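For reference, the structure discussed in these notes is given below.
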There are 2 protein chains.
Amino acid sequence: MHVMIIGAAGMIGRKLVEKLAAEPDALGYEISRLTLVDVIEPPVPVAYSAVSTALALDLSTEGSAEQLVATRPDVIFHLAAIVSGEAEADFDKGYRVNLDGTRALFEAIRREGQRERYVPRLVFASSIAVFGQPFPEKIGDEFFTTPLTSYGTQKAICELLLADYSRRGLFDGIGIRLPTICIRPGKPNKAASGFFSNILREPLAGQEAVLPVDENVRHWFASPRSAVGFFVHAARMDTGRIGPRRNLTMPGLSALVGEEIEALKRLAGPKAASLIRREPDPVIAAIVAGWPTNFDARRARELGFTAESSFDEIIRIHIEDELGGKA
Amino acid sequence: MHVMIIGAAGMIGRKLVEKLAAEPDALGYEISRLTLVDVIEPPVPVAYSAVSTALALDLSTEGSAEQLVATRPDVIFHLAAIVSGEAEADFDKGYRVNLDGTRALFEAIRREGQRERYVPRLVFASSIAVFGQPFPEKIGDEFFTTPLTSYGTQKAICELLLADYSRRGLFDGIGIRLPTICIRPGKPNKAASGFFSNILREPLAGQEAVLPVDENVRHWFASPRSAVGFFVHAARMDTGRIGPRRNLTMPGLSALVGEEIEALKRLAGPKAASLIRREPDPVIAAIVAGWPTNFDARRARELGFTAESSFDEIIRIHIEDELGGKA
């Protein structure tokens, strides 16, 4: 089986590559070929037995999608995107990469299929940014998508295209709406959502972290391990059970910032929690206030997608996967 | 005020032109210039005092949108589209006209606004085809859009673009989701929805009509006069009351085919109703079974959009507007 990961150099892309390298039968078939694509050349796992190719390529440039699809991968993971802040700041770039790039990929698959039958599984990374406030207490599977960012708009449009191309049998697509991933490994970044991870990751490493919002802020989370699990499950599941509604809100954990901190105290002690410095930031607080806080992700759960049910679990996963098992 | 109607040669486009010609202050301001656009040159109303231009132009061809927008209309009605059946049969044409043509218009407005401040009111004709079964008993304003046709997909995508461009202040857009228009004037056509009009219009003119479905089929209707009213109201309303959710399901009448026939009997007698010939057609019945039957269009009603509340009213409007007041 030939597997392609577009956006393989990103955080989840890299973890997905590691997973497939560590468990070559994770998708249910032996992977004979793995193609990794990103705008910068993605790292290839060392000591990986399958034939691997790493390509530096921008999906939104003329001919790129055709070049990728000409290799006829059986499974395509499409994770590449300009992030929310940049898509908002740069209108043209956001639409070019997040909408036109994705559409070019879909079209290249359709054209390839006109040449010779070709219906790959396509797993698309969507986002809860397709939703815009005001929200019900829990957002159900039939709630409408009224994004309040260009990023969310682009994701919602790609979801519609994915459903239409799948309905026509042009590929076998699944869009998965990711929760906020926590704990993100690596350095603190400037994303408005960064503090959700920072206030756990940094204290676990003995470092200070800044909390810019109240402890009663609620949000929707899943671990990086769960995110990889979503992609793997979406690639191997029986899509006959999905029907034409191909875009799924992934399960997650609805939790308060205060619950994050309580879990940190339980697992790493009060000293770790004392490294969290409160510095209220009304700008960040206002942004976060517009985000979804809770979902009833019933369809995805019924279709076998799973996520964490407590922040203790999320922190333990970080300790296992990033800190060699030691807090 | 300069008003442009794109899709002015279609049924609703022509009626909208007639309305503006008959009531020059219908939009709240005097119309000094009226530009009518369609792929065939649309008819210009006779004896119309404002400067009128008729253009034969396809929005999806290179440069067309820029040519239109360079004239800086204050209000743009965008009604042009490839219909559902054709968009399903011709994938490329449907996406080119219904998606790329509309996006080209939106982009041309954005570019014109970069040259010199320009924020026109843009009224976009969307459709209840943005919804796909299964449905709740009444589709509420927050129900999600999971279209089951490429036409519905294209309309849903344009709705998302319209909301994003409006949120960014690039234009002042409103998308209106039209019910099935009944009674459509003119000859019977081959649209699967045609019979809803045929079984009233033809008997009212002393002609036979074919009913291919059961009398207990329920559907969602508004008269051509209401449709024109939706467009006029959307062009002149205070958009400050709408907020970022710019796409509205228009009010309508949920009624059974049997209720259509009862109303026909009341207004034109049992002899008229006897001109309806039952010829069950399982293909049409199956298509119709996938269509929405009822909506709770609360937001649009609260925002001042109105439609008929009985089929008697719908038939009376046809008699007044198309038959010179005589059944």
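Before moving on, here are some points about what is shown:
- Qualifying positions in the stretch A:85-107 - away from every other protein chain (no Cβ under 14 Å), touching a residue at least 40 places away in the same chain (Cβ under 8 Å) and out of contact with any Ser or Thr (no Cβ under 8 Å at 6 or more places or on another chain): A:85, A:105
- Only listed residue being buried (at least 23 other Cβ atoms within 10 Å of the Cβ), touching a residue at least 24 places away in the same chain (Cβ under 8 Å), in a helix (DSSP H, G or I) and not acidic (Asp, Glu), chosen from B:129, B:125: B:129
- Residues of the stretch B:225-264 satisfying the condition of being over 27 Å from residue B:204 (Cα atoms), basic (Lys, Arg) and at pLDDT 95 or above: B:236, B:245, B:246
- Residues considered: B:44, B:75. Of these, the only one that is more than 14 Å from chain A (Cβ to nearest Cβ) and either open to solvent by 30 Å² or more (accessible area, probe 1.4 Å) or closer than 25 Å to residue B:191 by Cα (or both) is B:44.
- Residue match in the stretch B:147-159 (condition: on the phi > 0 side of the Ramachandran plot and not acidic (Asp, Glu)): no
- Number of the condition not met by residue A:18 [criteria: (1) acidic (Asp, Glu); (2) outside any loop (DSSP other than H, G, I, E, B); (3) closer than 15 Å to residue A:102 by Cα]: (3)
- Every residue from the stretch A:55-89 that is within 17 Å of the chain's Cα centre (by Cα) and assigned to a loop (DSSP other than H, G, I, E, B): A:79, A:80, A:81, A:82, A:83
- Some residue of the stretch B:52-59 being without any contact (Cβ under 8 Å) to a residue 12 or more places away in the chain and either open to solvent by 60 Å² or more (accessible area, probe 1.4 Å) or over 26 Å from residue B:189 (Cβ atoms) (or both): no
- Residue selected from the stretch A:177-205 under the condition within 22 Å of residue A:297 (Cβ to Cβ) and surrounded by fewer than 24 Cβ atoms within 10 Å (Cβ to Cβ), by the criterion farthest from the other protein chains (Cβ to nearest Cβ): A:184
- The single residue among A:137, A:116 that is free of Cβ contacts under 8 Å to residues at least 60 places away in the same chain, surrounded by fewer than 23 Cβ atoms within 10 Å (Cβ to Cβ) and of a type outside the set (Phe, Trp, Tyr) turns out to be A:116.
- In summary, residue A:133 fulfils each of the numbered conditions (1) within 12 Å of chain B (Cβ to nearest Cβ); (2) closer than 30 Å to residue B:88 by Cβ with the single exception of condition (2).
- Residue list for the stretch B:136-145, filter: at the interface with chain A (Cβ under 7 Å from one of its Cβ atoms) and either out of contact with any helix residue (DSSP H, G or I) (no Cβ under 9 Å at 6 or more places or on another chain) or of a type in the set (D, E, K, R) (or both): B:142, B:143, B:144
- Against the list (1) closer than 16 Å to residue A:68 by Cβ; (2) under 20 Å from the mean Cα position of the chain (by Cα), the condition residue A:107 fails is (2).
- All conditions in (1) touching a residue at least 40 places away in the same chain (Cβ under 8 Å); (2) crowded, with 22+ Cβ neighbours inside 10 Å; (3) within 14 Å of chain A (Cβ to nearest Cβ); (4) over 17 Å from the mean Cα position of the chain (by Cα) hold for residue B:148, with the sole exception of (2).
- The residues on offer are A:267, A:303, and the sole one that is more than 24 Å from residue A:144 (Cβ to Cβ) and at pLDDT 95 or above is A:267.
- Here the condition is being among the charged types (D, E, K, R) and within 22 Å of residue A:77 (Cβ to Cβ); of A:142, A:137, A:116, A:112, it holds for A:112 alone.
- Looking only at residues of the stretch B:151-176 that are of a type in the set (Gly, Ala, Ser) and more than 9 Å from chain A (Cβ to nearest Cβ), we find that the one that is surrounded by the fewest Cβ atoms within 10 Å (Cβ to Cβ) is B:169.
The values are calculated or read from the model by the stated rules, or taken from the named source; none is laboratory data. Remember, it's a predicted structure, so these values are computed and weren't measured experimentally. Glycine gets a Cβ as well: all are built from the backbone with ideal geometry, and neighbour counts include every protein chain shown. Accessible surface is based on the protein model in full, side chains and every heavy atom, while ligands, DNA and RNA are left aside. Shrake-Rupley method; radii C 1.70, N 1.55, O 1.52, S 1.80 Å.
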